[in-house]
Amino acid sequence: MLFREIIGQENLKAHLINSVKENRIPHALLLWGNEGCGKLALALATAQYLQCENRQEHDSCGVCPTCRLMQNLTHPDLHFAFPITKEGSKTVCNDFMNSWREKVTENPYFSYKEWINTISNEKQGLIYSNESEEILRKLSLKSYSNGYKIMIIWLAEKMHETCANKLLKLIEEPPENTIFILISEQPDIILPTIISRSQMIHVPVIDEESLSKVVGNNIAHIANGNYIKALELSKEEYSNTDNLENYRSLMLGAYSKDLLTLKNWTESMASRSREYIKDFLSYTQFITRECFIAHLQNSSLNYMISSEQAFSDKFKRFLTVDNIENIMELFNKASRDISQNVNTKIVLFDLGINLMTQIKK
Ligand SMILES: [Zn+2]
């Protein structure tokens, strides 16, 4: 990982780069902060910069043999510990190393939940007690190139207590040229003695300007500095398209008082599953509220993606203080009726007719 591949975090990058250049990297570093701010990416870039054979002023060279091994996560002096779920004969991180390398090299921004889903059907993962022997074994090996041995522990708060206690001993008396980079989203539940022996560095959320260069202004605003959230929102944008189109057709029918349009809409909706309709009705409450807020011209309070924003720009003038409550109640009622198994066609057609009386040209 190169520093220049990391989104934002310019101050922190400069700090880490200088620490390496000035030989001030502590033997235990704890990068902590919210999900999606780039802690793992920063740990990887720091590790690579430490090892690079041809270090540049502001980044690793990216092309020396060591950089190549670091980028593939196959460098013999780069080690990892991370939460796993025990399955059959798989009991230590090494048993999951191929999945880990694949996941991290594809994109080092992912959540704990996403990782656990990648390797297992279980919900919870841990760094189990027997991992401590693995860590000790790996760090006892002679360093490959007489450089640093680096152990990155992703989500140190997931360490089993026994493992944490053994790790503490290692941090207290580290093997020569060994650097621990701990990563945490909940440092308050890590063993306090580990915390006190590590240099803590807070990783802030990604600044909106840097994030918007990657995912656009709208998503960057909603994601609030969390790149993982931003990626999820980009996917959602895709699935919301259906709901927005259905809402647009319904409102067009209501606005134009066109019963045939409304009837066609009702029939096309009624051919979908009840779950699909429920999802749509819950979306109507979101989008109606958003358009109304936009009408009040309070765009900083809006959480719409770009296609919704474009729709809202045209539609919002039809939502006023006089009809908003009634309209929200109509959607609420339709939602309740669908949950109580009332006939879909009747519910949706009634909804359309009632909206006609509320939406004024
Ligand atoms: Zn290099």
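Return the only residue of Ser268, Ser273, Ser312 being in the same structural domain as Arg248 (by TED's automatic domain parsing) and under 19 Å from Glu236 (Cβ atoms).
So the residue among Ser268, Ser273, Ser312 that is in the same structural domain as Arg248 (by TED's automatic domain parsing) and under 19 Å from Glu236 (Cβ atoms) is Ser312.
Go through Ser234, Ser249, Ser210 for me and flag whichever is more than 23 Å from Leu126 (Cβ to Cβ), surrounded by fewer than 19 Cβ atoms within 10 Å (Cβ to Cβ) and not assigned by TED's automatic domain parsing to the domain that holds Phe280.
Ser210
Tell me, yes or no, whether the stretch 154-161 has at least one residue that is out of contact with any helix residue (DSSP H, G or I) (no Cβ under 7 Å at 6 or more places or on another chain), of a type in the set (D, E, K, R) and either at negative phi or assigned by TED's automatic domain parsing to the domain that holds Ser196 (or both).
Within the stretch 154-161, one or more residues are out of contact with any helix residue (DSSP H, G or I) (no Cβ under 7 Å at 6 or more places or on another chain), of a type in the set (D, E, K, R) and either at negative phi or assigned by TED's automatic domain parsing to the domain that holds Ser196 (or both).
Given the conditions (1) in contact with a Phe, Trp or Tyr (Cβ under 8 Å, 6 or more places away or on another chain); (2) surrounded by fewer than 18 Cβ atoms within 10 Å (Cβ to Cβ), report the number of the one that Ala41 does not fulfil.
Of the numbered conditions (1) in contact with a Phe, Trp or Tyr (Cβ under 8 Å, 6 or more places away or on another chain); (2) surrounded by fewer than 18 Cβ atoms within 10 Å (Cβ to Cβ), the odd one out for Ala41 is (2).
Can you pull out the residues in the stretch 85-113 that are of a type in the set (A, V, I, L, M, F, W, C) and either in a helix (DSSP H, G or I) or surrounded by fewer than 15 Cβ atoms within 10 Å (Cβ to Cβ) (or both)?
Scanning the stretch 85-113 gives Cys93, Phe96, Met97, Trp100, Val104.
Tell me, which helices (runs of 4 or more DSSP H) wholly within the stretch 161-219 include 2 or more residues that are within 30 Å of Lys229 (Cα to Cα) and without any contact (Cβ under 8 Å) to a residue 24 or more places away in the chain?
Those helices (runs of 4 or more DSSP H) span 208-215.
Test Leu250 against the criterion of being modelled with pLDDT under 95 and either in contact with a Ser or Thr (Cβ under 9 Å, 6 or more places away or on another chain) or farther than 26 Å from Leu348 by Cβ (or both), and give yes or no.
The answer is no for Leu250.
Given Asn54, Asn23, Asn117, which one is surrounded by fewer than 17 Cβ atoms within 10 Å (Cβ to Cβ), within 28 Å of Ser196 (Cβ to Cβ) and not charged (D, E, K, R)?
Among Asn54, Asn23, Asn117, only Asn23 is surrounded by fewer than 17 Cβ atoms within 10 Å (Cβ to Cβ), within 28 Å of Ser196 (Cβ to Cβ) and not charged (D, E, K, R).
Can you tell me which condition Pro26 does not meet? The list is (1) in a loop (DSSP other than H, G, I, E, B); (2) more than 25 Å from Pro175 (Cβ to Cβ); (3) at pLDDT below 95, and all the others hold.
(2)
Which of the residues spanning the stretch 102-143 are free of Cβ contacts under 8 Å to residues at least 24 places away in the same chain and among the basic types (Lys, Arg)?
Lys103, Lys113, Lys123, Arg137, Lys142
For a quick check of your reading of the model, give me the residue pairs whose first member lies in the stretch 59-74 and is without any contact (Cβ under 8 Å) to a residue 12 or more places away in the chain, whose second is more than 6 Å from the ligand (Cβ to nearest atom) and outside any helix (DSSP H, G or I), with beta-carbon atoms closer than 6 Å and at least 6 apart or on different chains.
Matching pairs, first to second residue: Leu69/His75.
Would you point out which residue out of Ala310, Ala334 is touching a helix residue (DSSP H, G or I) at 6+ places or on another chain (Cβ under 9 Å) and either surrounded by fewer than 12 Cβ atoms within 10 Å (Cβ to Cβ) or part of a helix (DSSP H, G or I) (or both)?
Answer to the selection: Ala334.
Let me spell it out: the conditions are (1) within 14 Å of Ile84 (Cβ to Cβ); (2) outside any helix (DSSP H, G or I), and Ile116 meets all of them except one. Which number is the exception?
So the condition that Ile116 fails would be (2).
Free of Cβ contacts under 8 Å to residues at least 60 places away in the same chain, within 28 Å of His221 (Cα to Cα) and aliphatic (A, V, I, L, M): is that true of Leu260 in this structure?
So Leu260 does not fit the description; no.
Does Glu133 satisfy the criteria of being away from the ligand (no atom under 16 Å from the Cβ) and either among the acidic types (Asp, Glu) or part of a strand (DSSP E or B) (or both)?
Yes: the conditions hold for Glu133.
Considering the stretch 46-84 alone, what residues qualify as being assigned to a loop (DSSP other than H, G, I, E, B) and more than 10 Å from the ligand (Cβ to nearest atom)?
Listed by number, the residues that qualify are Glu57, His58, Asn72, Leu73, Thr74, His75, Pro76, Asp77, Phe82, Pro83.
The values are calculated or read from the model by the stated rules, or taken from the named source; none is laboratory data. Given the structure is predicted, the values throughout are model-derived calculations rather than measurements. Don't worry about glycine lacking a Cβ; one is built from the backbone with ideal geometry, like all the others, and counts go over all protein chains shown.
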